[in-house]
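Only the coordinates and a few stated rules stand behind these numbers; no lab work does. Keep in mind that what you see is a predicted model, and the values were worked out from it rather than measured. Glycine gets a Cβ as well: all are built from the backbone with ideal geometry, and neighbour counts include every protein chain shown.
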Amino acid sequence: MEIKPNQLPTVAEVAAYFQGNESTNYQARMILECGQNVKTYPFEHAVTNPYLLACHHRFCPDCQRMRGQNWASALRSAISSEFTHTSKSDPRLFPNWMAITLAGVPCAPLDLRKQLETLLEQLSIAGAQGFWRNNVRTTLRLLRLDVNQTKDGRPRVTPVFTFFMGVSRHLINLQAQGKLIQRIKREWVQPADPDNWAGVQSCVIPTATIQDQNALQTKVSRMIETCCPYADNQTFLYIVEELRGVKTMAVYGTQRNVFLPSRISQADDLRYEREYSVSRHGPHPSC
Ligand SMILES: [Zn+2]
């Protein structure tokens with residue numbers, strides 16, 4: 001099975017990845033039972049707590065959609081709250097938001113974790129610099145994975161980070177002068193073979209009108225929903241394994257508290273993931 005990028009898979013399509021393998025079958029059941037009150041994992045039981053109706057599986061399309069909406073609406077709140085403190089008559093004082101996209105180096109699915117560790121290390125070195133700390137108020141960082149194939153048909157995964165950032169006027173000026181992208185390029189990784197590499201991009205995000213904010217909210221929600229690639233079965237299962245415990249969303253800066261409820265929800269999802277993926281309850285369907 002192969003689902004096109006940006007096309008949302010159905011619950012049955014995602015569950016199918018986990019079916020047919022004794023060690024992952026129970027995850028297919030979790031996803032198929034999402035939203036229902038009768039559960040068969042870790043044992044047959046009925047739930048009454050509305051929070052536990054959802055499966056909280058990180059690849060469940062329904063839970064992923066909900067996650068996308070929560071985070072996008074938190075970002076919207078962070079932007080709106082800035083407007084209440086800013087002069088509405090002077091556009092120069094409007095909140096300034098930018099998006100920066102950084103593509104990692106394409107790698108084999110089984111090297112994904114190593115590659116992510118390298119990139120996160122690179123990001124934390126850059127993030128510790130005074131330049132970024134002084135010019136960025138709030139950052140929402142999203143991780144997306146792209147899958148394509150080499151000429152001889154081997155799958156390649158590329159982690160792509162997108163940063164939605166509330167920034168200083170100074171950063172907007174550097175962007176307009178073309179100097180910001182130069183700096184970002186110097187600080188980011190370079191693949192040995194840059195052909196077909198997405199590289200780095202930066203742009204200003206309009207936020208002045210309700211329509212601008214609606215468009216941004218929809219875009220961010222959609223990006224979170226579609227962050228994981230639905231590739232061929234083997235590649236997908238490798239990616240699930242390599243991505244275990246990795247945060248696909250992260251937030252930094254002064255408006256972090258706006259994201260707190262959703263952040264807790266992600267921590268919860270990661271806790272669920274630890275439990276179901278190490279299969280402490282036993283992977284066998286009868287467990
Ligand atoms: Zn679910």
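Summary of values
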{"quantity": "Label-point separation in nm, residue 40 to residue 189, each point 7 Å along Cα→Cβ", "calculated": "4.0 nm"}
{"quantity": "√(5λ) per eigenvalue of the Cα gyration tensor, the stretch 215-260, largest first, Å", "calculated": "27, 16, 5"}
{"quantity": "Fewest-first ranking of 225, 121, using other Cβ atoms within 10 Å as the exposure measure", "calculated": "121, 225"}
{"quantity": "Modelled FRET efficiency - R0 22 Å, residue 111 with residue 198, Cβ distances, 0.05 increments", "calculated": "0.80"}
{"quantity": "Within the stretch 204-233, backbone nitrogen closer than 14 Å to the virtual label 7 Å beyond the Cα of residue 176 toward Cβ", "calculated": "204-205"}
{"quantity": "Under the span-like rule (Cα at least 20 Å along the axis, Kyte-Doolittle mean at least 0.0), DSSP H helices of the chain", "calculated": "112-127"}
{"quantity": "Overall form of the stretch 14-170 per C-alpha gyration tensor (a/c, 1.5; a/b vs b/c)", "calculated": "oblate"}
{"quantity": "Point-to-point label distance, residue 260-residue 152, nm (Cα→Cβ direction, 7 Å offset)", "calculated": "5.4 nm"}
{"quantity": "Solvent-free Debye scattering, log10 I(q)/I(0), computed from the Cα coordinates of the stretch 87-239 at q = 0.12 Å⁻¹", "calculated": "-0.59"}
{"quantity": "Estimated vicinal HN-Hα couplings, Hz - the stretch 147-152 in sequence order (Karplus 6.51, -1.76, 1.60; Gly, Pro = x)", "calculated": "10, 9, 10, 6, 4, 8"}
{"quantity": "The chain - mean residue ellipticity at 222 nm from DSSP helices (-39,500 (n - 2.57) per run, n ≥ 4, rounded to 500)", "calculated": "-13500 deg cm²/dmol"}
{"quantity": "Cα-derived Rg to Rh of the stretch 143-187, Kirkwood definition", "calculated": "1.21"}
{"quantity": "Footprinting exposure proxy for 212, 269, 193 (fewest neighbouring C-beta atoms within 10 Å first)", "calculated": "193, 212, 269"}
{"quantity": "Rounded FRET efficiency, nearest 0.05, which uses the C-beta distance separating residue 19 from residue 271 and R0 of 30 Å", "calculated": "0.75"}
{"quantity": "Volume per residue of the C-alpha convex hull in the chain, rounded to whole Å³", "calculated": "139 Å³"}
{"quantity": "Alpha carbon convex hull of the stretch 129-212, projected area averaged over orientations, nm²", "calculated": "7.4 nm²"}
{"quantity": "Cβ-defined net charge surrounding residue 171, 11 Å radius [Lys, Arg +1; Asp, Glu -1]", "calculated": "+4"}
